[in-house]
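Here is the structure we will look at, set down as structure tokens.
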Amino acid sequence: MEKYVRILLVQPFNRSYVIMPSLGLGYLAAVAACEGHDVTVVNCIKERMDQTGFAEYLQANRFDVIGFQVFSYDLNAVCKMLEVVRLVQPEAVTVAGGPHPSGDPYGVLDRLAGLDYAFKGEAETGFVRWLRFLAEGGVLAEVPGLIYRDESGMVTVNDPLLVDDLDSLPMPAWDILKPEEYPEAPHGAFTRNFPTAPIIMTRGCPCLCTFCAGESITGRRVRRRSIANVMAELHALFQRGIREIHIEDENFTLSKQYVIEFCDALRQSGLTLSWSLPSGVRIDTLDAELLDRMEEAGCYSLALGVEFGTDRLMGLTRKGLSVGKVRQKLELFRGRKIKTTGFFLFGIPGESLADMRETMNFALELPLDRAQFNNFMPLPGSSLWEELDRKGKLGRVAWDRMFVHDVAYCDEDIDPREIKVLQRRAYLRFYLRPRIIFSLVREIRSPAHLKFLLKRFVDALT
């Protein structure tokens, strides 16, 4: 293979209604471009590129390396896309990364037939070294995080290497991703200004929630970009026409001082950017001073990981919260202009239908502006995934239903149809209230935005 390769990075086509640039692929594109490689990123959801369209695209464009971002709900789509690669460009080297390979490193090469390599964890360092291996040769065992088959056919997983200094990474390849060309279909559903772009300021999560697989990707140790580094990216995005940012960190508020420094820098920058936190923050990290500073700096919306309506479930999943703490912290939002979205979860192993109904009723009691009711998915790499594996229950996982509005797994004594009925009821009871309806109507930005919102709501009910 030539020293400088042609690389295609693919965000697969799936049923997701969220259409946003992939930060993971953006960072990989950036580090590869810094090495002189020719990189293309295709978002199949944005381009409405199904299997047939992907085949046509590969027939018209030749690549040396074709990489896929893979969430668990992407497995079936990526399997079909790999079949297309083998038919149209059989000489291309295929690779995958993202949440699923990170959580199931020893199984991903079997689940994705036709896949040559994969990466576990943060892949920027390993990806560059692997590209050098393809071009120049070397030792695969020296590529951090690489998943591959050795000469005997056994799957080998190299130890991943976390990026200690996040400032050492280039910013995502915004010139390739072109966030200003994306439709009004962002994560979190709502925007105050458009166009929008996602950013990440921190990596790592010290929390122990049993249903979360974040540790398998970014580890437990929290690392933060410098505020100067973040502001440089915001200036670059603003110059591209971006007028709102969505901070995708799940632990943005773990350090109060860090958030305050960011808010102060943003206010002093002169950038007219609104911003939100659609991935959710820990509600127990919030206080009045912090919310004051965030609101003054342009934050208008955030999501809160509530999850359950009983202390028993909070304890069972090591959430580290209590129902009383949630009620107490939500009082901080009274009189503020920051909109709140509550995340709730149905169907955790060990949870009864009565527990789920308590969660629904709890959501209706809380002074929230929006709510998202998700069904449990056994995410590879999570504590619950490992527990189900030990008990020999992973064979019951319905991979084609690994989506928040389907039921991919539930305990044997619960009918999955009952969970779906309860989810529908929760959405209807929450959103078909005059207060919520009037509030949402005021936030609709355009006919395209309304169409996007209706699609999300219908998908939740079907």
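The values are calculated or read from the model by the stated rules, or taken from the named source; none is laboratory data. Only a predicted model underlies this, so the values are computations on that prediction, with no experimental measurement involved. A quick note on method: Cβ atoms are made from the backbone with ideal geometry, for glycine too, and the neighbour counts reach across all protein chains shown.
Is at least one residue of the range 303-311 at pLDDT 95 or above, assigned to a helix (DSSP H, G or I) and assigned by TED's automatic domain parsing to the domain that holds residue 408?
Yes, the range 303-311 contains at least one residue that is at pLDDT 95 or above, assigned to a helix (DSSP H, G or I) and assigned by TED's automatic domain parsing to the domain that holds residue 408.
Scan the range 174-186 and give yes if some residue there is more than 19 Å from residue 19 (Cβ to Cβ) and touching a Gly at 6+ places or on another chain (Cβ under 6 Å), otherwise no.
no
Would you point out which residue out of 347, 381, 395 is in contact with a Cys (Cβ under 6 Å, 6 or more places away or on another chain) and in the same structural domain as residue 317 (by TED's automatic domain parsing)? Even if it seems obvious, please write down each step before you answer.
Numbers: 381 fails: in contact with a Cys (Cβ under 6 Å, 6 or more places away or on another chain); 395 fails: in contact with a Cys (Cβ under 6 Å, 6 or more places away or on another chain).
Just a single option satisfies the conditions, and that option is 347.
Those residues that are surrounded by fewer than 21 Cβ atoms within 10 Å (Cβ to Cβ), in contact with a helix residue (DSSP H, G or I) (Cβ under 9 Å, 6 or more places away or on another chain) and in contact (Cβ under 8 Å) with a residue 12 or more places away in the chain, I need them from the range 306-320; list them, please. If you could, list the steps in order and put the result at the bottom.
Within the range 306-320, the subset surrounded by fewer than 21 Cβ atoms within 10 Å (Cβ to Cβ) is 310-312, 314-316, 318, 320.
Now restrict to residues that are in contact with a helix residue (DSSP H, G or I) (Cβ under 9 Å, 6 or more places away or on another chain): 310-312, 314, 318, 320.
If the condition is that a residue be surrounded by fewer than 21 Cβ atoms within 10 Å (Cβ to Cβ), in contact with a helix residue (DSSP H, G or I) (Cβ under 9 Å, 6 or more places away or on another chain) and in contact (Cβ under 8 Å) with a residue 12 or more places away in the chain, then 310, 311, 312, 318, 320 are the ones that fit.
Within the range 14-127, which strands (runs of 3 or more DSSP E) (wholly inside it) include 3 or more residues that are of a type outside the set (Asp, Glu), closer than 29 Å to residue 233 by Cβ and at pLDDT 95 or above? Walk me through how you get there before you give the answer.
Working: elements: 38-43, 65-69, 93-97, 117-119.
The strands (runs of 3 or more DSSP E) meeting that bar are 38-43, 65-69, 93-97.
If you check 390, 424, which single one turns out to be under 26 Å from residue 219 (Cα atoms) and not hydrophobic (A, V, I, L, M, F, W, C)?
Details: 424 fails: under 26 Å from residue 219 (Cα atoms).
None of the other options fit; the residue is 390.
Checking the structure you have, find out if any residue of the range 441-461 is without any contact (Cβ under 8 Å) to a residue 40 or more places away in the chain, over 18 Å from residue 376 (Cβ atoms), of a type outside the set (D, E, K, R) and not in a helix (DSSP H, G or I).
From the range 441-461, those without any contact (Cβ under 8 Å) to a residue 40 or more places away in the chain are 441-442, 444, 447, 450-451, 454, 457-458, 461; that's our starting set.
Now drop any that are not over 18 Å from residue 376 (Cβ atoms), which leaves 441-442, 444, 447, 450-451, 454, 457-458, 461.
Applying the additional criterion that residues be of a type outside the set (D, E, K, R) yields 441, 444, 447, 450, 454, 457-458, 461.
Then drop every residue that is not not in a helix (DSSP H, G or I), which leaves 444.
Yes.
Which of the residues belonging to the range 259-272 are free of Cβ contacts under 8 Å to residues at least 40 places away in the same chain and either part of a helix (DSSP H, G or I) or buried (at least 21 other Cβ atoms within 10 Å of the Cβ) (or both)?
259, 260, 261, 263, 264, 265, 266, 267, 268, 269, listed by residue number.
Pull up the range 390-415, narrow it to residues that are at pLDDT below 95 and not in a loop (DSSP other than H, G, I, E, B), then point me to the one that is surrounded by the fewest Cβ atoms within 10 Å (Cβ to Cβ).
If we take residues in the range 390-415 being at pLDDT below 95 and not in a loop (DSSP other than H, G, I, E, B), then 395 is surrounded by the fewest Cβ atoms within 10 Å (Cβ to Cβ).
Pairs needed: first member in the range 85-102, within 15 Å of residue 9 (Cα to Cα) and touching a residue at least 60 places away in the same chain (Cβ under 8 Å); second member anywhere, among the aromatic types (Phe, Trp, Tyr) and assigned to a strand (DSSP E or B); C-beta distance under 6 Å; at least 6 residues apart or different chains.
97/119
Would you please name the residue that is surrounded by the fewest Cβ atoms within 10 Å (Cβ to Cβ), looking only at residues in the range 164-217 that are in a helix (DSSP H, G or I) and of a type in the set (Gly, Ala, Ser)? Before you say what the answer is, go through the steps one by one.
First, the residues of the range 164-217 that are in a helix (DSSP H, G or I): 166-168, 174-177, 179-181, 215-217.
Filter again for of a type in the set (Gly, Ala, Ser), leaving 168, 216.
Numbers: 168: 10, 216: 22.
Taking the candidates together, the pick is 168.
Conditions (1) over 21 Å from the mean Cα position of the chain (by Cα); (2) closer than 30 Å to residue 270 by Cα, marked per residue:
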| site | (1), (2) |
| --- | --- |
| 298 | yes, yes |
| 308 | no, no |
| 324 | yes, no |
| 352 | yes, no |
| 356 | yes, no |
| 370 | no, no |
| 378 | no, no |
| 389 | yes, no |
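Consider only pairs whose beta carbons are under 9 Å apart and that are at least six residues apart or on different chains; among these, list those whose first residue lies in the range 53-77 and is closer than 19 Å to residue 25 by Cα and outside the structural domain of residue 404 (by TED's automatic domain parsing) and whose second residue is polar (S, T, N, Q) and in a helix (DSSP H, G or I).
So the pair list comes out as 77/51.
Among 240, 220, which is the only one that is within 30 Å of residue 389 (Cα to Cα) and either among the charged types (D, E, K, R) or surrounded by fewer than 16 Cβ atoms within 10 Å (Cβ to Cβ) (or both)?
Of 240, 220, the one residue that is within 30 Å of residue 389 (Cα to Cα) and either among the charged types (D, E, K, R) or surrounded by fewer than 16 Cβ atoms within 10 Å (Cβ to Cβ) (or both) is 220.
Does residue 54 satisfy the condition of being over 19 Å from the mean Cα position of the chain (by Cα) and surrounded by 22 or more Cβ atoms within 10 Å (Cβ to Cβ)?
yes
For the range 321-371, which residues satisfy the criterion of being under 24 Å from residue 441 (Cα atoms) and β-branched (Val, Ile, Thr)?
338, 340, 341
State yes or no: is residue 343 assigned to a strand (DSSP E or B), of a type outside the set (S, T, N, Q), buried (at least 20 other Cβ atoms within 10 Å of the Cβ) and modelled with pLDDT of 95 or more?
Details: assigned to a strand (DSSP E or B): yes; of a type outside the set (S, T, N, Q): yes; buried (at least 20 other Cβ atoms within 10 Å of the Cβ): no; modelled with pLDDT of 95 or more: yes.
No.
So the check is Cβ under 9 Å with 6+ separation or different chains; which pairs have a first residue in the range 354-367 that's free of Cβ contacts under 8 Å to residues at least 24 places away in the same chain and a second one that's in a helix (DSSP H, G or I) and among the basic types (Lys, Arg)?
Note: pairs meeting the criteria are 365/327.
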